[in-house]
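Read-outs: derived from the displayed coordinates by stated rules, not from any lab. Bear in mind the structure is a predicted one, so any value in this text is a computation, not a measurement. Here the Cβ positions follow ideal geometry from the backbone for every residue, glycine too, while neighbour counts run over all protein chains shown.
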Amino acid sequence: MADEWQSYDAAADTHDRLAVPGIFTPPAKDLVASLDLPLAGTVLDVGAGSGVAARVAKESSPERTVIALDPSLQMLRAARSHGLCVVAGAVPGLPFPTGTFDGVMANFVLSHLSSYRTALDDMARVLRPGGKLAVTSWGSLRNEFRECWQSVADSFAGADVLHAAAAQGLPLEKWVEYPAHLRKAFQGADLKNITLRHKHYTTRMTIADFLAIRAHALQGRFMRQTLGQDRWEQFNHALSAEFYGKFHDPIDHVRDVHIAVGTKA
């Protein structure tokens with residue numbers, strides 16, 4: 001029970017219905033394109049969630065072998081409902097032989113890991129020589145909607161408490177905001193021909209959808225578990241009053257993303 005909020009099982013439905021179409025699909029398309037995969041190649045989507053990047057890889061070439069791997073069974077059920085081949089697992093500890101895949105991708109995964117070194121080494125291990133590894137990470141751009149949500153959340157749960165929860169659940173969240181760190185990490189995994197891109201994505205969404213997505217994100221899940229039902233409902237009422245009083249509906253939600261790609265020698 002103590003760590004239940006760190007599981008993405010409860011977030012699977014909301015993530016797949018609301019967050020994937022607008023927030024996660026555009027960078028997933030750029031991530032897959034950056035791999036320049038063979039039409040009939042093999043690709044592993046590490047930390048696939050409900051399989052947004054894996055779906056893009058499969059839809060762009062039905063002959064391609066695509067595997068979606070994630071530790072969350074509910075996320076994998078959502079991925080399988082989209083026709084994907086799924087495997088329960090995590091990185092490090094990928095359950096595949098060395099040199100299995102033409103491409104490996106990790107879409108907003110590194111921030112969740114305690115060690116990027118062991119994770120990247122394992123992802124590089126399962127690549128064939130000449131295969132490519134590509135990752136995405138959120139950049140450092142802040143937007144007024146996330147800042148507003150955080151301000152209300154801090155007033156209910158305490159800024160220090162929420163900061164500690166974020167550090168526990170997303171230990172590398174701040175570290176991966178910097179492209180120089182991603183380049184260093186890829187170099188440490190002996191990847192060559194490293195390229196980095198920085199892009200901005202804008203998603204128009206309703207306030208209700210934004211708040212639902214945030215409620216199922218890591219800090220939202222932590223607050224739901226720790227505040228208690230009455231306090232949680234008060235928090236959501238306060239959020240609604242703040243957002244509908246401050247912003248026009250719908251909102252234009254902007255995030256920046258780093259895309260890093262490297263090749264196995």
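Farthest toward the positive end of the dipole of the range 4-264, out of PRO38, LEU196, ASN236, is the Cα of PRO38, where the dipole comes from beta carbon charges about the Cα centre.
What shape does the chain take by its C-alpha gyration tensor, where a ≥ b ≥ c are the square roots of the eigenvalues and a/c under 1.5 counts as rounded, a/b above b/c as prolate, and the rest as oblate? Each step should come with its number before you reach the end.
Numbers: a/c = 1.79, a/b = 1.75, b/c = 1.02.
In terms of gyration-tensor shape, prolate.
Residue order for LEU69, LEU39, fewest other beta carbons within 10 angstrom first, comes to LEU39, LEU69.
Let me make sure I get this right: for the range 1-122, a, b and c are the square roots of the gyration tensor eigenvalues over alpha carbons, sorted descending. Under 1.5 in a/c it's rounded, otherwise prolate if a/b > b/c, else oblate. Which is it? It comes out oblate by the Cα gyration axes.
Sorting TYR8, TYR244 by the number of Cβ atoms found within 10 Å of their own Cβ, with the fewest placed first, yields TYR244, TYR8.
For the chain, the longest principal axis of the Cα atoms and the long axis of helix 144-157 meet at an angle of about 60 degrees. Pairs of Lys residues in the chain, spaced 8 or more positions apart or belonging to different chains, with C-alpha separations under 25 angstrom: 23 in total. Tilt of helix 159-169 relative to the longest C-alpha principal axis of the chain, in degrees (0 to 90, nearest 10)? Roughly 20 degrees, rounded to the nearest 10.
Highest mobility in the GNM of the chain, judged by mean-square fluctuation with C-alpha springs under 10 Å and restricted to PRO97, PRO71, PRO179, is found for PRO97. Cβ-Cβ distance of ALA159 and VAL87, R₀ of 25 Å, FRET efficiency by 1/(1 + (r/R0)^6): the value works out to about 0.05.
For an R0 of 51 angstrom, estimate the FRET efficiency from the Cβ-Cβ distance between HIS248 and ARG128 and round to the nearest 0.05. Walk me through the numbers before you get to the answer.
Numbers: r = 50 Å, r/R0 = 0.99.
Computed FRET efficiency for HIS248 and ARG128: 0.50.
Summary value for the range 4-264: 23 percent relative contact order, contacts being C-alpha pairs under 8 angstrom separated by 6+ residues. The separation of the range 1-49 from the range 170-223, counted between C-alpha centres, amounts to 12 Å. Computed 3J(HN,Hα) for the range 203-216, one whole-Hz value per residue from the Karplus formula 6.51 cos²θ - 1.76 cosθ + 1.60 where θ = phi - 60°, is 10, 8, 8, 6, 4, 4, 5, 4, 5, 5, 5, 5, 5, 9, glycine and proline marked x.
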